Structures are given as C-alpha cells and as structure tokens.
Amino acid sequence: MKALLTITVCILILYVSNAQTHNEFWSKLTVSKKINNKLSFASDLQFRQQSNYLTTSKNIFDAPYTRSIRLWLNYKLKNNYSITAAPIAYFINEDINNTNGTLNNTNELRVAIGLAKIFNWKNSKQNNRIFIEERVINYDSPNSINQYRYRLLNNINFLVKKMNKNCNLNYQFSNEFFIKTQQSQTLFDQNRIQNLLQLQLHKIEFNIGYQYTIQANGNTLTYRNQYLFNSSILL
C-alpha cells in the first residue's frame, strides 16, 4: 500500500507543473429493455460541452466536446455477477485548437466487454466492475490509432429517502481508474471520482452531480471539472 501511494505521489509531482484545468458539461440518456430474466439490451446517447480552456472562460457550453451513441448487452450470471458488453460505439470528439475556439474533430469507434458484481450491504447497493475497451481513434483516417483501456469501477449507491413505493432519493459515489495501452506502452490514463443525487421514479431515473477527473496527456496532467445530468428509461 505504501509503495502504491509513493508511486501515485511521484506521478502527480511529475505532471503537476504542466497541469491544465477544463470545465465541462456531460449529459447522457440511456434507454434499456429487459429481454428475459437474464438478458437485457440498452442504448445510450451522450452529449458533452466544454469551456474554452485556452482562455479564462469557465462557460461549460462554449463549444461541443463529445457526441456519442453506444449499444449495450447485459447478461446475468449466478451470485449477482453479470457480463456487460458494448459491441459497438461511435464517438465524435472535438478538441479546441486556439483561443478563437477553432475545433479539431476526431471520429472514433469503440468495443468493450466487462465483468460486474453487485451486492447489497445495509441500505446500500455496491457495483464493482472491470472493463476492457478498445478504441479506434480516427478510424476513417490512414493515421488511425488503436488504444486499449482497462477500467476498474467501484460504485456505491445509498438510499437517502424513500418517498413512496415508486419513488426513491439516492446518493451515488463512484471511483473509476483507467490504464491504457497505446503504441506498445502501458500507462496511467485517468481517474474519475463521481458524486450524484439520483431520483428514482419506478422505471425512470434522473441523476445530477459532479465528477472530478485527473487525466494524463503525454507529460501533462489535465484536471477536469465535469457537471453531470444523466437520465435513464426502462421500457
């Protein structure tokens, strides 16, 4: 444990002098359908905006950041384990090039598979997931890049107040750690810490909250303040 802490501190010291801060808005709509007691299908749409971090602006709606659509399959196993697969996802990413807000566009395809374990403890539900994801960045270009990401998620959801039999107010905390492999190098990618308030209305959920992300880009650390609004519908 001490060795891991020492390595983490050294990484932060190495990058901190070149750190950047980004302010972003992330939203997501997920629609899911239960096929049977074990199999379910879902699709999500993501819409993200960003401030122009090359200026002093903190307006999180300055410019587009990401648009995406992703398909999911979830298969329940015994003992509250499940296999989660994303057979295809399409992302459009925008990076700001200058203070005028000129954007650089990249198109990306992703596939992923993971194993999750859900268990209940007192008035909380915990979800632990390991996820392997392949990204093909600039897939429509001769200079496409293949990247693999290994994602470890720990999520805990607490019941704050039970309004009635069909309405709950919950608090959700999660931490997701990413490692990436690209061009034969395996490195730290990012860490996401998320806090959400969740309103659960029978088959509809609304989530509002904040996510703090530390991301490595070459020799630079990027700190991301991400303001979240997510919703989900169960058909």
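Structure values in brief
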{"item": "Positive minus negative residues near PHE178 (Lys, Arg vs Asp, Glu; Cβ under 12 Å)", "result": "+2"}
{"item": "Phi to ³J(HN,Hα) by Karplus 6.51 cos²θ - 1.76 cosθ + 1.60 over segment 82-89, Hz, x for Gly, Pro", "result": "8, 9, 10, 10, 10, x, 7, 8"}
{"item": "Among THR21, THR56, THR186, residue whose mean-square fluctuation peaks in a GNM of the chain (springs only between Cα atoms under 10 Å)", "result": "THR56"}
{"item": "Net charge, GLU94 excluded, C-beta distance under 15 Å - Lys, Arg +1, Asp, Glu -1", "result": "-1"}
{"item": "Estimated [θ] at 222 nm from DSSP helical runs (n ≥ 4, -39500 (n - 2.57)) normalised by residues in the chain, nearest 500", "result": "-2000 deg cm²/dmol"}
{"item": "Under-5 Å amide H pairs with SER124, H placed in peptide plane, nonlocal only", "result": "none"}
{"item": "Sites HIS202 and ILE132 - FRET efficiency at Förster radius 22 Å, r taken between beta-carbons, to 0.05", "result": "0.05"}
{"item": "Normalised alpha carbon radius of gyration of segment 76-213 [divisor 2.2 N^0.38 Å]", "result": "1.29"}
{"item": "Reachable aspartates and glutamates from LYS180, criterion Cα separation under 18 angstrom, eight or more residues apart if same chain", "result": "GLU108, GLU133, GLU134, ASP189"}
{"item": "Charge tally in the Cβ shell below 12 Å around GLY114, where Lys, Arg are +1 and Asp, Glu are -1, GLY114 excluded", "result": "+2"}
{"item": "Between segment 142-161 and segment 181-235, the alpha-carbon center distance in angstrom", "result": "8"}
{"item": "About the Cα centre, charge dipole magnitude for the chain (Lys/Arg +1, Asp/Glu -1 at Cβ), debye", "result": "1320"}
{"item": "For the chain, the longest site-free run once chymotrypsin sites (Phe, Trp or Tyr not before Pro) in DSSP loop states with at most 16 other Cβ atoms within 10 Å are removed", "result": "140-235"}
{"item": "Loop trypsin sites (Lys or Arg not before Pro), segment 168-235 (other Cβ atoms within 10 Å of the site Cβ: 11 or fewer; DSSP)", "result": "LYS203"}
{"item": "Radius of gyration and maximum dimension Dmax of the chain, Cα, Å", "result": "18.8, 56"}
{"item": "Links that overshoot a 28 Å alpha carbon limit, given the list LYS58/LYS162; LYS58/LYS161; LYS38/LYS203; LYS33/LYS58; LYS122/LYS203", "result": "LYS58/LYS162; LYS58/LYS161; LYS33/LYS58"}
{"item": "Projected label distance in nm at PHE61 and LYS162, using a 7 Å step from Cα toward the beta-carbon", "result": "3.9"}
{"item": "Long-range amide H partners of LEU54 with built H, under 5 Å", "result": "none"}
{"item": "Between 0 and 90°, nearest 10: helix 2-16 axis offset from the chain longest Cα axis", "result": "50"}
{"item": "Tail weight of P(r) past 16 Å, computed on alpha-carbon pairs of segment 39-78, percent", "result": "56"}
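Laboratory data are not the source of any read-out in this text; all were calculated from the coordinates shown. Quick caveat, the model's predicted, so the values are computed rather than measured. No Cβ is skipped: glycine too gets one built from the backbone with ideal geometry, and neighbour counts run over all protein chains shown.
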